[in-house]
């Protein structure tokens, strides 16, 4: 039996191979094209997800969020969603997960700007790039009132601040006691990070105290025969005697004259402090009988500590007290806030009589 082989012409075989090769290349190019399209589409989506605006704020103005100490990523998401600050929460979460925000949550006060991208927001939160807060305090009676005022401006609560300022061992390490601790504070505006704790606040105030009490100011105090704390103690009395900054150096001069001559200070505000009755408008003889080391009608010299947290202006007024021969002063009868000053008791009594008459006319009896 003869085997007959069917053979294609050589030209036909070449054509078949060419067709097969072209088909493979086309398939590869098609796949690559599809992958490229998907890659570009994903890249565009990822770019928009990461870089496009996603933060919305009320009326397009800056908004502030507070992330408490101990917060986790879920808390952060709740803060953002609760404030309706995200146009697309899923896109934010996608970026946050890929940039490891869940493991890098930092407490603090953060300022959100309308139109921020997810990338900008996550970078800010992940890096702990919080914005400081201006902490202001003035016209403070005591450290407990101070604690309450500060707690409204930073994360530390009033109880923790108050407890620290009453901790005798802690404040003693810094040269203060329960009577003198108000002298530490210098009323002003300071920048803090919102998540500052009680110790962080006091540490900063110690730094400010050291900066204020330069060698030059310490020398000024020494020339007056006073320590920095005693300067603040006298300044607190001056502060309670007058609200007029331009008059403070003259009032300070009166008390310094009394101290130098070993007189009783006879400062009415110290009686109000001793009685702890700030409703008193008119100091009477009965008030002068209170038994307290703060009663400057009974005890010579300065009281044990400040009767309030004095203003920086009052402290400077003591350091730069006016040199004069006045030993007395009394509020002016026109209730302008200024005082009449006198060198003699007779002159002072005349001034006092005019003021008492003005009080009677206004019906201010106590």
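The values are calculated or read from the model by the stated rules, or taken from the named source; none is laboratory data. Quick caveat: nothing in here was measured; it's all calculated off a predicted structure. Quick reminder, even Gly has a Cβ in these numbers, built from the backbone with ideal geometry, and neighbours come from all protein chains shown.
Given the criterion over 19 Å from the mean Cα position of the chain (by Cα), under 30 Å from residue 322 (Cα atoms) and not assigned by TED's automatic domain parsing to the domain that holds residue 69, identify the matching residue among 206, 226, 184.
Numbers: 206 fails: over 19 Å from the mean Cα position of the chain (by Cα); 184 fails: over 19 Å from the mean Cα position of the chain (by Cα).
When all the criteria are applied, what remains is 226.
Residues that are at pLDDT 95 or above, over 17 Å from residue 179 (Cβ atoms) and not assigned by TED's automatic domain parsing to the domain that holds residue 158: does segment 271-287 have at least one?
Looking through segment 271-287, none of the residues is at pLDDT 95 or above, over 17 Å from residue 179 (Cβ atoms) and not assigned by TED's automatic domain parsing to the domain that holds residue 158.
Residues that are in contact (Cβ under 8 Å) with a residue 60 or more places away in the chain and surrounded by fewer than 15 Cβ atoms within 10 Å (Cβ to Cβ): does segment 210-223 have at least one?
Scanning segment 210-223, I find at least one residue that is in contact (Cβ under 8 Å) with a residue 60 or more places away in the chain and surrounded by fewer than 15 Cβ atoms within 10 Å (Cβ to Cβ), so the answer is yes.
Please determine whether any residue of segment 188-203 is within 16 Å of the chain's Cα centre (by Cα), surrounded by 15 or more Cβ atoms within 10 Å (Cβ to Cβ), within 18 Å of residue 306 (Cα to Cα) and in contact (Cβ under 8 Å) with a residue 60 or more places away in the chain.
Within segment 188-203, not a single residue is within 16 Å of the chain's Cα centre (by Cα), surrounded by 15 or more Cβ atoms within 10 Å (Cβ to Cβ), within 18 Å of residue 306 (Cα to Cα) and in contact (Cβ under 8 Å) with a residue 60 or more places away in the chain.
In this structure, is residue 246 within 27 Å of the chain's Cα centre (by Cα) and not assigned by TED's automatic domain parsing to the domain that holds residue 105?
So residue 246 fails the test.
Residue check, residue 124 against (1) in contact with a strand residue (DSSP E or B) (Cβ under 7 Å, 6 or more places away or on another chain); (2) touching a residue at least 24 places away in the same chain (Cβ under 8 Å), all met but one. Which one?
Here residue 124 clears every test but (2).
In segment 150-181, which residues are in a helix (DSSP H, G or I), surrounded by 17 or more Cβ atoms within 10 Å (Cβ to Cβ) and without any contact (Cβ under 8 Å) to a residue 60 or more places away in the chain?
Result: 150, 151, 158, 161, 162, 164, 165, 171.
If you scan segment 42-78, which residues turn out to be surrounded by 15 or more Cβ atoms within 10 Å (Cβ to Cβ), under 18 Å from residue 100 (Cα atoms) and at pLDDT 95 or above?
Answer for segment 42-78, where residues must be surrounded by 15 or more Cβ atoms within 10 Å (Cβ to Cβ), under 18 Å from residue 100 (Cα atoms) and at pLDDT 95 or above: 67, 71, 73, 76, 77.
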